[in-house]
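Engineer: Before I ask anything, here is the structure I am working with.
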Amino acid sequence: INYDITSAPVHLDPYQSPSAFVQGRVMHVYSQLVRRDPAVECGQFCDKIVPDLAESWKVSPDGKEFTFNLRKGVKWHNVPPLNGRELTSADIKFSVERWKTEPLNTWNFWFKDLVAVETPDKYTAVLKFSQPQAELLEDLSLDRMWIVPQEVVASDSNVRQRAIGTGP
């Protein structure tokens, strides 16, 4: 994907702008649960979904429940207020719930049928839906559903001014 990097983005909150100016920058900071395999050239929609923050996942037979097992030892960048703390399932829960409720998010319809995000332990996040979600993994892999830190979002919407992630 080519992004114009000669123009400055209006802000850095990936949930509040579909702009390539925003997405093209935050993709170098944030991570996702799953991603498309960059080694597979398959056009806009790729069938090869690979782990990113989730090391594995399981889909219930009815397609309404997705259990993500997170990689252990993933750290947020070592800057305040996160100071290199470990990413946990609570971060996934926060990000998914924010994704669903953020009024400026043009993709929040992905989670319109979400009824709960459960965190049975530090490394497991369970997304529960009222309807089967045949395209969820594909949607999550499209360089949009970034996992963002609650501490930065809560600090006067500072996520618009700076990006602190778990990515490169």
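Bear in mind these aren't lab numbers, they're just calculated from the coordinates by the rules spelled out. Every value quoted in this text rests on a predicted model; they were computed, and no experiment measured them. No Cβ is skipped: glycine too gets one built from the backbone with ideal geometry, and neighbour counts run over all protein chains shown.
Engineer: Using a simple charge model, +1 on the beta-carbon of Lys and Arg, -1 on the beta-carbon of Asp and Glu, nothing else, what dipole does segment 59-147 show about its Cα centre, in debye to the nearest 20?
Structural biologist: Details: 12 positive and 13 negative charges, 74 e Å.
In debye, rounded to 20, segment 59-147 gives about 360.
Engineer: Now, a different point. HN-Hα J couplings of segment 113-125 from phi, Karplus 6.51/-1.76/1.60, θ = phi - 60°, integer Hz, Gly and Pro as x?
Structural biologist: Here the 3J(HN,Hα) series is 9, 5, 10, 6, 10, 9, 10, x, 7, 4, 10, 9, 10 Hz.
Engineer: Counting only residues 5 or more places away or on other chains, whose amide H sits under 5 Å from the amide H of Tyr30 once H atoms are built in the peptide plane?
Structural biologist: Those qualifying (amide H under 5 Å, at least 5 residues apart or on another chain) are Gly167.
Engineer: Then there is this: Could you work out the local net charge near Asn78, counting Lys and Arg as +1, Asp and Glu as -1, over the other residues with Cβ closer than 12 Å to its Cβ?
Structural biologist: On the way: positive: Lys75, Arg85; negative: Glu86.
Result for the local shell: +1.
Engineer: Something else: Excluding residues fewer than 8 places away in the same chain, name every one of the lysines whose C-alpha is closer than 19 Å to that of Lys112.
Structural biologist: By straight Cα distance, Lys112 reaches Lys64, Lys93, Lys100, Lys128.
Engineer: Can I ask one more? Between Glu55 and residues 5 or more places away or on another chain, which pairs have amide H atoms under 5 Å apart, with H built 1.01 Å from N, and which residues are they?
Structural biologist: Amide H to amide H, under 5 Å and 5 or more residues apart or across chains, Glu55 pairs with Asn69, Leu70, Arg71.
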